[in-house]
Amino acid sequence: MATATHEATLPRGVGRLTRGWIVFVVAMVAISALGWFAYVREYTEGMTVTGMRNVGTMGGATWGLYITFVVYFVGVSFAGITIAAVIRLFNLQTLRPLARMAEVLTVVSLVLGAIAIVADLGQPLRGIVNLFRYARPQSPFFGTFTMVIAGYLFASLVYLWLTSRRDASLLAERPSRLRWLHRFVAAGYTDTPVERERHSKATFWLAVSILPMLVVAHSTLGFVFGLQVGRPGWYSALMAPAFVVLAGVSGTGLLIVLAAIVRKTMAKDVGLTTEVFAWLGRFMMFLLMIYVYFMVTELLTATYAGSARELQVTREMLWGEYSWIFWTSVALLVVPLIGLGFQAIARTWNIPWLVVAGIAVNLGAIGKRYLIAVPSQTHGQLLPYVDGSYAPSWIEYAVVASLTAFGALVIGVFMKVLPIVEIDGEEEVANA
Amino acid sequence: MRKGLTIGMIVGGIALMVISYFGLTAPWGAESVANSEPRLQFAPLVFVLGVMMAFGSALVYEMLPDRDED
Amino acid sequence: MVKYAMAVDLDRCQGCRACMEACKIENNTVESVFWMYVFRLESGEFPDTKMSFLPRPCQHCDNAPCVKVCPVGARFKREDGLVLTDADRCIGCRYCELACPYGVNYFNWTKPEKRQYLDYDHPDVERVTGGVMPPYKNPDLDQLYGEEQRLTAGGGHFKGVMEKCTFCVHRLDKGLDPACVHTCPVQALIFGDLEDPSSGIAEMINDRTHFRLLEEVGTEPSVLYFGGAAPTEDSREIETVKARV
């Protein structure tokens, strides 16, 4: 165990493989493998193995769980980079411990979103080539894959790398099996004043340019739905802004959960104080309030002035086939909002409660994404087709579960390779 | 030299985006076959490379060692 | 310049669905796929109910939402008015299907061979058809059509791509009418060139009023309906498709 003692000197648990972590990795790999098995079946037999079918005479929904999770995953990425950029721009020192995990969350969820899109294509290999070869800017998908997948992901990776260099250079001073990697990530960083100055300038401008791009990127995803006049329930100017806000809600929720896990697993205090969680709680509360406001205005517009077809989709959502999903999702968003409100008024923040709220809003967000995609297909026909129905098959559940597991796996591995929480300027690496 | 390259990459990246979006990809519209054919094949790839070039300038700015400074 | 359009005379249509059959045989579409579909509709309260029929081919819109949203230009509008799908380019994202307000798009969820109504290779079937009629796959569907020379007639007899009504682009190429028009026993379907004043369809436009489906969504369809009335909120299907993939 000679190496283990060596690596025990690395801070933030880097390189220290505990039994719990190994169990976690094995479990996540197993779930991911199940998803691969499911996807290979989908690829060889065709998408008939999914629960999706054509709208119209075939009475189905042609976009289902995959698109729901594309939207959800890309949504989660929003909060990550926003919070990282806000911390940078406004120099919020107490929140610094959040920055790295927020960036990692963004990168991972964007990758998951991209994989989920490919899983949804009937011709995945052709899709990867043809999008780069023929893509048309007029299609709302153009923005999704150029801005979101390529631009946003690339920018986030650049941001993550630049902000990791200093920590990597500190780690590279110690001998360990990962030293080569730390040296590579550090890329010659030596922490001189000139370099610090340069780094702060570069990341400042990156943060400034990522923020507007992020609004564009999430809006284009909203436009995929919001520009379609032929589908009742989709055609709405509020679609894009509501996408951005709900993205923020789910991303912040997940960040709270991740921060709580990191806080629990780290042997020593890494600066994730109650104050940090309080800030996240307030941020999430603020976004939730905006979202609930959007939801009410949208429902009011649809029910007050809606045409018959528009009304039918809304009715189906409020009292029909989808009502249990709708009301559960609303409860999962509103109850945490009320809870957060009480905590904000009382100025006492309970971390376990915040974690529960974070999980709840994520489930609520998934439900709301599902309700955007599906009811307008099964019950939103403008011609008198009979109503359809959609239930995901086990293949779709398996692929989605495996994507989630894969994301958790990547974050878990990252935690053992680079510090998930930035190392303070004064903190001595050797003491960790 | 480092600053020049950074600014060059930003300007070049934005130029690639603008040129490929407005000049090289398929024109907007749904009237004719021409609306479905990019004017240059792989024009969207040029757009993506433009985005990457603009953001990649941060890497150059931070990592490229100065040889000619002071 | 040719500008193809289809006229549907609702006063003549008797809902026999022969056009649907003709389409299926001509284009070899598989089970549960209807490029041409005829709604059999009922409206009103019993006993004051009214029946009506509404044939629904692809509307070949002049402002086609499916063309606008296609991310790779696999769905495109030809200058002669046809909206076609390039089966070689389609990536199977199914966005066109959701953009279309008429529900005319069909995705190939599995290999089409598996879902034929008849197994044409089966010896019993072979004995009856003599291996001649109907062929499993119309050879014309494999050809490239139009100035653009794309694989459009076959729709999507390939797993994982979109297909829909082509106005029988392979028949138009030979100067024939689409299969549904050719088959209709009461000539409720009329096909022609809007730009040609002597064509039957141009004369119909001069003589009678017509409407187009869902004009309010601004798609500018090329299918014109004469006589009858557009389906209302009250219309409901009395006989729906049971076939599922």
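Worth a mention:
- Qualifying residue in segment A:272-279 (condition: free of Cβ contacts under 8 Å to residues at least 12 places away in the same chain and farther than 29 Å from A:THR378 by Cα): no
- Across segment A:54-69, the qualifying residues are those that are within 19 Å of A:LEU221 (Cβ to Cβ) and in contact with a Leu (Cβ under 8 Å, 6 or more places away or on another chain), and the one among them that is farthest from the other protein chains (Cβ to nearest Cβ) is A:PHE69.
- Taken over segment B:35-46, the criterion of being out of contact with any strand residue (DSSP E or B) (no Cβ under 6 Å at 6 or more places or on another chain) and at the interface with another protein chain (Cβ under 9 Å from one of its Cβ atoms) is satisfied by B:ASN35, B:GLU37, B:PRO38, B:GLN41, B:PHE42, B:ALA43, B:PRO44, B:LEU45.
- Options A:ILE256, A:ILE290; residue that is over 18 Å from the mean Cα position of the chain (by Cα) and at pLDDT 85 or above: A:ILE290
- Members of segment A:133-149 found to be crowded, with 21+ Cβ neighbours inside 10 Å and over 27 Å from A:TYR235 (Cα atoms), listed by number: none
- Only residues that are in a loop (DSSP other than H, G, I, E, B), closer than 19 Å to C:GLY103 by Cα and more than 10 Å from chain B (Cβ to nearest Cβ) were counted across segment C:49-66, and they come to 4.
- Segment A:136-252 holds helices (runs of 4 or more DSSP H) entirely within its bounds, and those carrying 2 or more residues that are touching a helix residue (DSSP H, G or I) at 6+ places or on another chain (Cβ under 7 Å), β-branched (Val, Ile, Thr) and within 14 Å of chain C (Cβ to nearest Cβ) map to A:193-226.
- Only listed residue being out of contact with any helix residue (DSSP H, G or I) (no Cβ under 9 Å at 6 or more places or on another chain) and either closer than 27 Å to C:ASP88 by Cα or in contact (Cβ under 8 Å) with a residue 60 or more places away in the chain (or both), chosen from C:ASP48, C:ASP62: C:ASP62
To keep it simple, each residue is scored yes or no on (1) aliphatic (A, V, I, L, M); (2) touching an Asp or Glu at 6+ places or on another chain (Cβ under 9 Å); (3) surrounded by fewer than 22 Cβ atoms within 10 Å (Cβ to Cβ).
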site: C:GLN14; (1), (2), (3): no, no, yes
site: C:CYS19; (1), (2), (3): no, no, no
site: C:CYS23; (1), (2), (3): no, no, no
site: C:ASN27; (1), (2), (3): no, yes, no
site: C:LEU41; (1), (2), (3): yes, yes, yes
site: C:MET51; (1), (2), (3): yes, yes, yes
site: C:LEU54; (1), (2), (3): yes, no, no
site: C:ASP62; (1), (2), (3): no, yes, yes
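- Within the set A:ALA33, A:ALA102, A:ALA27, the sole residue that is in a helix (DSSP H, G or I) and surrounded by 24 or more Cβ atoms within 10 Å (Cβ to Cβ) turns out to be A:ALA102.
- Where A:SER323 falls short, out of the listed (1) free of Cβ contacts under 8 Å to residues at least 60 places away in the same chain; (2) crowded, with 17+ Cβ neighbours inside 10 Å; (3) under 30 Å from A:ALA391 (Cβ atoms): (2)
- Condition met for A:GLY51 (small (Gly, Ala, Ser), within 13 Å of another protein chain (Cβ to nearest Cβ) and out of contact with any Asp or Glu (no Cβ under 7 Å at 6 or more places or on another chain)): no
- Residue selected from segment B:2-38 under the condition among the polar types (S, T, N, Q) and closer than 23 Å to A:VAL129 by Cα, by the criterion nearest to the chain's Cα centre (by Cα): B:SER20
- Which listed residue is over 26 Å from C:ALA153 (Cβ atoms), among the hydrophobic types (A, V, I, L, M, F, W, C) and in a loop (DSSP other than H, G, I, E, B), from C:PHE34, C:PHE46: C:PHE46
- Checklist (1) facing chain A (nearest Cβ under 9 Å); (2) closer than 28 Å to C:VAL30 by Cα; (3) of a type in the set (A, V, I, L, M) applied to C:LEU224, failing item: (1)
- Candidates are the residues of segment C:67-82 that are in contact (Cβ under 8 Å) with a residue 60 or more places away in the chain and touching a Lys or Arg at 6+ places or on another chain (Cβ under 7 Å); the one that is nearest to the other protein chains (Cβ to nearest Cβ) is C:ALA74.
The values are calculated or read from the model by the stated rules, or taken from the named source; none is laboratory data. All values reported here derive from a predicted model rather than from experimental measurement. Cβ coordinates were reconstructed from backbone atoms using ideal geometry, including for glycine residues, and neighbour counts include every protein chain displayed.
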